[in-house]
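Values in this text are rule-based calculations from the coordinates and carry no lab data. Just so we're clear, the structure is a prediction, and the values are computed from it rather than from any experiment. No Cβ is skipped: glycine too gets one built from the backbone with ideal geometry, and neighbour counts run over all protein chains shown.
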Number of protein chains: 2
Amino acid sequence: MADIATRVHNHNWKIDPIVRSLIDTDFYKLLMCQSVFRYKPDTQVQFSLINRTTSIPLADLIDEGELREQLDHIRSLRLTRGESTWMRGNTFYGKRQMFRPDFMEWFENLQLPPYHLERKGDQYELTFEGSWPEVMLWEIPALAVLMELRGRAVLRDMGKFELQVLYARGMTKLWEKIEKLRDLDGLRIADFGTRRRHSYMWQDWAVQAMVEGLGDKFTGTSNCHIAMKRDLEAVGTNAHELPMVYSALAETDDALRQAPYDVLADWHEEHEGNLRIILPDTYGTKGFLDGAPDWLAGWTGIRIDSGDPAAAAEVAIDWWKERGEDPTKKLVIFSDGLDTDKIIELHQKFQGRVRTSFGWGTLLTNDFRGLTKGDTLAPFSLVCKAVSANGKPTVKLSDNPNKAMGPKAEIERYKRVFGVGEQDRMEVVV
Amino acid sequence: MADIATRVHNHNWKIDPIVRSLIDTDFYKLLMCQSVFRYKPDTQVQFSLINRTTSIPLADLIDEGELREQLDHIRSLRLTRGESTWMRGNTFYGKRQMFRPDFMEWFENLQLPPYHLERKGDQYELTFEGSWPEVMLWEIPALAVLMELRGRAVLRDMGKFELQVLYARGMTKLWEKIEKLRDLDGLRIADFGTRRRHSYMWQDWAVQAMVEGLGDKFTGTSNCHIAMKRDLEAVGTNAHELPMVYSALAETDDALRQAPYDVLADWHEEHEGNLRIILPDTYGTKGFLDGAPDWLAGWTGIRIDSGDPAAAAEVAIDWWKERGEDPTKKLVIFSDGLDTDKIIELHQKFQGRVRTSFGWGTLLTNDFRGLTKGDTLAPFSLVCKAVSANGKPTVKLSDNPNKAMGPKAEIERYKRVFGVGEQDRMEVVV
């Protein structure tokens, strides 16, 4: 009888929900959200979903009704008692009560704000507007929904065994990557792949495979729900949206120049140890470090998320030396477009010179490249970013002009203010 | 509550039984059993399990207690009502009531006879004695148990995800074989892989993958339980044990020379159409065909199970022509050590010259070659054969001296009686 009941119950689902929890999101989103909730709760922002791989016609692949159902389902989610207990009671980065009671009370009552969805040609325009701490929580689930619906569209016509073999191939591919990594002495690597994952179940499988295959070398997952379910460390620090919004809010060029440091000053107030990680590339790494106050050199490390990662790590090492810091005590976190070979190369290159750690994203949780005809499951570059704050446009430059965002005139102004000259263009894979 | 109950129930299994049904066996065993039950019910036989790959120390790998538990479990099995209904009610080779009421009544009350198990060095000596129709039914389950226990021994120390990836690789490997075969026009292929399968579940998966991947080109499975469960054709005709036992029973050289034809005369009485398949190689194909009565040339086809398959098919084609038969109307079934490349080669070579069909065995249901370190899961050559009948030893020559069996003096006698000269030795893989 149990099977009949299960079957009827399952059949009662109107949809197969892609995101089933408000903490099926990146840990750093919650950290940043708490910071924003404290320092900038009333800022009005707009986030927008952007498909940088325009050759993938999302609106042709994905039914608008299905997309709306998934997004509506996310709006129906509330923080559960168990999730709240985990956030309140767990230790994060060795610290108890990382999330303060006032933030938790707000989060327990949160419903994600409405979304705006419109078809534009063969793409969707998906935007979110409202107060920053609410809107920012749309980013990860919105991306995960779009990625997974695209995958489902591709898989729809495959036979049962063809599908099984596809996943068998995917597992084999991932396991072979893990086998390559397991021999690296002193490797420290985490899952950063929530946003562009193939699916929740696939990410969960990837994380468990990392646990078995890498042991202590696997340091945790950015996905709070999986961290909770699998009793793992939830990891992550902060992202570009903080300097982007702080900068958009700056009234003058001087205030703009100062804004990225203001972000970290606020962060400095809140966090210590391994959470004091500089993300320097929003408006160019070199200029940011040159102009940085001395207290930033005392931070634990740096995250490298664009440009040539080895070159950026060298810049950081030189900077620490200039500021009288010992680089071998510092942490460099690589997190941009990583895959096995690049991880091995960077690990070997910097071993002994600086502590390294890797945040492995899309090519951990969504690498089905080469496994279907026409490579229809290859991951693509989908992002969801703050595009305006209190009505003013945001800008991101990064260390790779192919990742730049914002109105053209504003990009020029930011380049001037932050002293960014010529940059090397690098292909963005994911 | 259902899950708790399921878990407790599962935990109550003393063992994880490898063979769970008396019809988890090859269809031809049941056909032959019915024939033996009719013509030679009182013959006393001994069957013996022989590991031709002595480099695999079965007794070191497999715990004797576990082996006994599995064999005891098989002795506890009885034909179920549903299985009996299927055998009585189903159509086999287009025929209703293939199994006669007297046979079914006997089968419904059958318990397999006792076994004798003894460790000899690093191998087991496993023998079965009693009346032929009972003892013969041990062959397939005994082989399946030994093969699977060896596999379990190898898998015991693997982690959960390592195991998942192993199966993922196995599935991928099998699917790639199927993808190679699917483009062959006019291919007809069946599963003959019960005896040396990796496991029941794996065989079941392989069969279902063949259904999806090959469609009508897949003509059925030799495994009755899977045929029943998946609503497929159960296929198979007859095996060497019939001429081997008939020959052992022969009192004189003349009677011996006649014995293999007596087998087929009895078979002729019982079956027609696609069940009239000659298995000519027990004591050499050439001599068998040269001395065959004319009515045998009228049979539907021939099964080639040893020696060079293409050469044997040519011999058969020539023989049919000599006897005034049209080879293009005849069926050649290849069933010896097949894998994709050989199937493709033979299919292409004989297309248009003769009807062909393939009985794909071990390398369909147990090909994990190259997937573990030291190739510890590679299939090996395990057989279970009639070794004596009414106290007299049996002999098999086949078209490959590496497959010969029996006492040396008897082998020489059989070679003389059947006029077998020099033969080419061919490596036996499985």
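Annotations
- Placing R0 at 41 angstrom, the Cβ-Cβ distance between B:Glu105 and A:Val8 gives a FRET efficiency of 0.45 after rounding to 0.05.
- Residues whose amide H comes within less than 5 Å of that of B:Gly220, counting only those at least five positions distant or on another chain, are B:Asp191 (H built at 1.01 Å from N in the peptide plane).
- Karplus-derived 3J(HN,Hα) values for region A:104-110, using 6.51 cos²θ - 1.76 cosθ + 1.60 with θ = phi - 60°, are 4, 5, 5, 5, 4, 9, 6 Hz; glycine and proline are entered as x.
- Amide proton proximity set for A:Arg119, modelled H, under 5 Å, gap of 5+: A:Glu125
- Region A:25-86-region B:364-430 distance, computed between alpha-carbon centres (Å): 66
- Gyration tensor (alpha-carbon) shape descriptor, chain A, a/c threshold 1.5: rounded
- Convex hull of alpha carbon positions in the protein assembly as shown: directionally averaged projected area 41.6 nm².
- Mean residue ellipticity, 222 nm, helices only, chain B: the sum of -39500 (n - 2.57) across DSSP H runs of n ≥ 4, divided by residue count and rounded to 500, is -14000 deg cm²/dmol.
- Label positions at B:Arg152 and A:Leu163, each projected 7 Å from the Cα along the C-beta direction, are separated by 3.1 nm.
- Across peptide B:202-211, the average count of Cβ atoms from other chains found within 10 Å of a residue's Cβ is 2.
- Principal-axis tilt of helix A:27-39 within chain A, Cα atoms, nearest 10 degrees: 60
- Angle in degrees between helix B:408-418 and the longest Cα principal axis of chain B, rounded to the nearest 10: 40
- Sequence-separation-based contact order of chain B, relative, with Cα cut under 8 Å and 6+ spacing, percent: 21
- Shielding score for A:157-165, defined as the mean number of other chain Cβ atoms within 10 Å: 5
- Environment charge at A:Leu382 (Cβ cut-off 10 Å; Lys +1, Arg +1, Asp -1, Glu -1): +4
- Sites listed here are GluC sites (Glu not before Pro) in region B:196-300 whose DSSP assignment is loop and whose Cβ has at most 10 other Cβ atoms within 10 Å: B:Glu251.
- Förster radius 35 Å - calculated FRET efficiency between B:Arg182 and A:Arg20, Cβ distance, rounded to 0.05: 0.35
- Computed from label points 7 Å out along Cα-Cβ, the spacing between B:Glu314 and A:Arg369 is 5.0 nm.
- Pairwise Cα inverse-distance average, inverted: Kirkwood Rh of region B:239-302 (Å): 11.9
- If the convex hull is drawn through the Cα atoms of region B:168-365, its volume per residue in Å³: 120
- For region A:55-194, the Kirkwood estimate of hydrodynamic radius, built from reciprocal distances between every pair of different alpha carbons, is 18.7 Å.
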